[in-house]
Structures are given as structure tokens and as C-alpha cells.
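Single-structure report; data block below.
The values are calculated or read from the model by the stated rules, or taken from the named source; none is laboratory data. Just so it is clear, the model here is predicted, and its values are computed rather than measured. Don't worry about glycine lacking a Cβ; one is built from the backbone with ideal geometry, like all the others, and counts go over all protein chains shown.
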Amino acid sequence: MRKIRIHAVALFILACCLVVNNLVAAELAEENKLVPEEGVYAFFILEIGSSTMIFNGKQEEIDPGYKTSPVLMSGKTLIPMRAIIEKLGGSLSWDASQKKIYITYNGKRITLQIGSKTAVVGDSKVQLDLEALVRKDRVMMPLRFVAENLGCNVYWHGNNTITISTNALKDTYSADRFSVDDLSIYDAILKKQICLGMTKNEIDAIYGFKPEDPFMGRYEYEGLQVFYRDGVAAGLLVSSGENLTTRFSTVRNVTFFSPKSYVRKKYGPSLEEVEDVPDGERYGTYLFRKEGSGAESTLVKLEASPPLTEPKDNLYYVSFLYDESKDRKVTFMLIGDYEFGMLGK
């Protein structure tokens, strides 16, 4: 009888261990998972004094039929925001008798009163630096206040250019686990991953066209540059010099304008930090070794440059270039195999 009890206890402990292991495995799988944000990805490029904007790559009027443009007042940008809010999937209503603006989007509510520096966000009163006003019969609202309280990201580029974007991915990846998903660029408009190892035919099919006349082996896909070797993607590159959008990101939601502190949070210390490279503040280089094959493949982050004698067939780079601002924001992203990352081919 005692043996039976011991066996029963042992089986119970084993069952508990299996349950715990399964829960941990499920938790890890859920943490490192590509999760696009719900709704429509939106990116806007606006310019002070211009009545048009770029919305997800297409030029449109900001205030259709009125040619109203963004203006600067006391260092703040004011703009008619109906078209922007509606393209986000929200709504804006105007109560002319009370001179109030009601904005709703994705469960968020904002109420503005013309001439008042007090706004209502949800159920809370919030003070404004600059109130909404009527200019040339058009209602002008403080752009940054409204957009950021709706959950959007706003960037001022110092050349009278403003960009607004929604988030493309949920922040789910941590810096202590990596996978082959990290060898890809995510396109927020198409909601597709472009991965190293894809064929040119596969990527052409995703974008619906075949780029012609590549420059030095570079094929351009609406801002994403792909370099092929023997018809297979060996390098993926996105440069802010050619676009100002956050359309393209890594699966860890690193995109243009991401500060270096966020990149470090998602990838850990770079090789420049570990090896104390001069001028390393401008760069963030991460080197990985691919282990296993097929669906069982994993990536292991290397903490130092490999010796020259080590085989390079399964080594990959993820690299970032930062600007010189205080936050060191990302201006360039490269993902490639070792040969492309080191030799550019």
C-alpha cells in the first residue's frame, strides 16, 4: 500500500511539473510573439504653411475644400484635425452654439472649448499651453495635445515638418530571448513580415510589383531596400534619408525615431558598448548565431565579435544608426547575413 502511495505522490509531482512547464512555455511563446496593433496603421507627414499632407504615402488635402494649413503660434502647431481623426477611425463633432469640439477615437474622448485653456480628456480636466481657436472660419486645434492624448506619436523635425503615427506593433519582445523573427522587417501598412531568406518572387508578390533597374544590387519597395544574393534576400535596409515614416520596424517595434534607450531595452547592450568602440554612441550593432534548422531554428546573441577562424555561414547582423539628438533616435536600420553586413554583398 505504501508503494502505491509513493507512486501516486510521484505522479502528482510530475503532473504539477508538466503543468508548470507548459504554463512557462506558453508564457514565453506569448511574450516573444509578433502582435500587430488592431485597427488601421496611420502615418501623416505635414508641413507648416502647406494645405496638403502625406497619409500612408499618398498626398491629400488636410482640410478638403478649404486649403487650410498648419500654423505655428507661441511655438505650438495648430491645425484643423477632422480629416486626420477620421482617417484614424475616430470622429469629431462641432457644437457651434457652445463652441465645443468633441473627439472620440479607440475608446478615448477629448472635449475642447474654443478660447479655453482647459480641456477634458476622459473624465479629467487638463490644462493646455494653447487653446483651440477659430481662424478664417476654421476650427484650429493644438495638434500635439490632441494626437498624443489619442495615443499617437508626434515628431517635430525642425524644418517645419511634423509627423504623426499610430503604433504598428505591441511591445512584447524582451532582450533575453531571440528568434528567427528578428531577421525580418515588419511593414505596418501591408501587415507583412519581409524576412531574410525570402526569394525575390515572394517579395515581389507581397508588394505587387517588380522593381526594375536596381542600383548596386538594391531593389526599392516603397521605402524598404532589399539586397538579393542568388535571388534570395541577404540584406534588408531602411533609411530615414529616403522616408520619414514609421511604416517599417523590427519585430521588437524599433523604428525611426525610437530612442537608443528603447533599442537597448529590446536588444540589450550592443557590440559597441561591450567592446568600448570609439564613437560607439552613433551605432548599435547586434550579432547573432543561428542554431538549428527549419521551424526549430533559434538565434543566440553573441556578446563579442567572433574570431576570424569561426565559420560565418550562420551569423547575422541587426544594426542601427542614431542621430546626434539628446535621445539618439534611430535613423537607419539594417538586417543582414554576415557577408552582407560586413562586406555589403
Top-ranked residue of segment 295-319 - restricted to ones that are in contact with a Ser or Thr (Cβ under 8 Å, 6 or more places away or on another chain) and among the hydrophobic types (A, V, I, L, M, F, W, C), ranked as surrounded by the fewest Cβ atoms within 10 Å (Cβ to Cβ): Leu299
Any hit, segment 269-285, residues being surrounded by fewer than 16 Cβ atoms within 10 Å (Cβ to Cβ), under 19 Å from Leu196 (Cβ atoms) and in the same structural domain as Ala234 (by TED's automatic domain parsing): no
Which numbered condition Leu299 misses (of (1) over 19 Å from Asp337 (Cβ atoms); (2) in a strand (DSSP E or B)): (1)
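Every residue, every condition in (1) of a type in the set (Gly, Ala, Ser); (2) in a strand (DSSP E or B); (3) on the phi > 0 side of the Ramachandran plot, yes or no:
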site: Asp204; (1), (2), (3): no, no, no
site: Phe227; (1), (2), (3): no, yes, no
site: Arg252; (1), (2), (3): no, no, no
site: Phe257; (1), (2), (3): no, no, yes
site: Ser261; (1), (2), (3): yes, no, no
site: Pro269; (1), (2), (3): no, no, no
site: Glu273; (1), (2), (3): no, no, no
site: Glu281; (1), (2), (3): no, no, no
Filter result (within 29 Å of Asn160 (Cα to Cα), part of a strand (DSSP E or B) and out of contact with any Phe, Trp or Tyr (no Cβ under 7 Å at 6 or more places or on another chain)) within segment 31-53: Phe43, Ile45, Leu46, Glu47, Thr52
Residue among Ser124, Ser97, Ser93, Ser184 that alone is small (Gly, Ala, Ser) and either crowded, with 18+ Cβ neighbours inside 10 Å or outside the structural domain of Ser74 (by TED's automatic domain parsing) (or both): Ser184
Conditions (1) surrounded by fewer than 17 Cβ atoms within 10 Å (Cβ to Cβ); (2) modelled with pLDDT of 95 or more: number failed by Pro214: (2)
Residue check, Lys260 out of contact with any Cys (no Cβ under 9 Å at 6 or more places or on another chain), surrounded by 15 or more Cβ atoms within 10 Å (Cβ to Cβ) and of a type in the set (D, E, K, R): yes
From Ser69, Ser97, residue being over 18 Å from Asn160 (Cβ atoms), in a loop (DSSP other than H, G, I, E, B) and among the small types (Gly, Ala, Ser): Ser97
